[in-house]
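Derivation of every value follows stated rules applied to the coordinates shown; laboratory data play no part. Here the structure is a predicted model, which means the values were calculated and not measured.
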């Protein structure tokens, strides 16, 4: 969990974060479309390539849950919403 180091009302005070390649947290797998399970039973998320990044698809639909501009960006969850932040944005907002 990350907590804001300053005050920016456009972003949640506290967030949970995930980056592609890490173990998928339940807050993400619960709302993202899962296309299959991996060898160890881990969910494989429905990810579509988009420019330098990717899009995650909402569970049970064909709609975009979150668009990540760069493969190195973070998917964040806070205040009941999911959004992405670059490394620089995460550093400036959450330290």
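Tabulated results
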{"item": "Whole-number percent relative contact order across the chain, with pairs defined as alpha carbons under 8 Å at least 6 apart", "result": "28"}
{"item": "Highest-MSF residue in the chain out of 17, 57, 35 [GNM, Cα springs under 10 Å]", "result": "35"}
{"item": "Stokes-Einstein diffusion coefficient of the chain, Kirkwood radius over Cα pairs, 20 °C, 1.002 mPa s, in µm²/s", "result": "155"}
{"item": "Extension gain from residue 8 to residue 40, taking 0.36 nm per residue of separation minus the Cα-Cα distance", "result": "7.5 nm"}
{"item": "Per-residue [θ]222 nm for the chain (sum of -39500 (n - 2.57) over DSSP H runs n ≥ 4, rounded to 500)", "result": "-3000 deg cm²/dmol"}
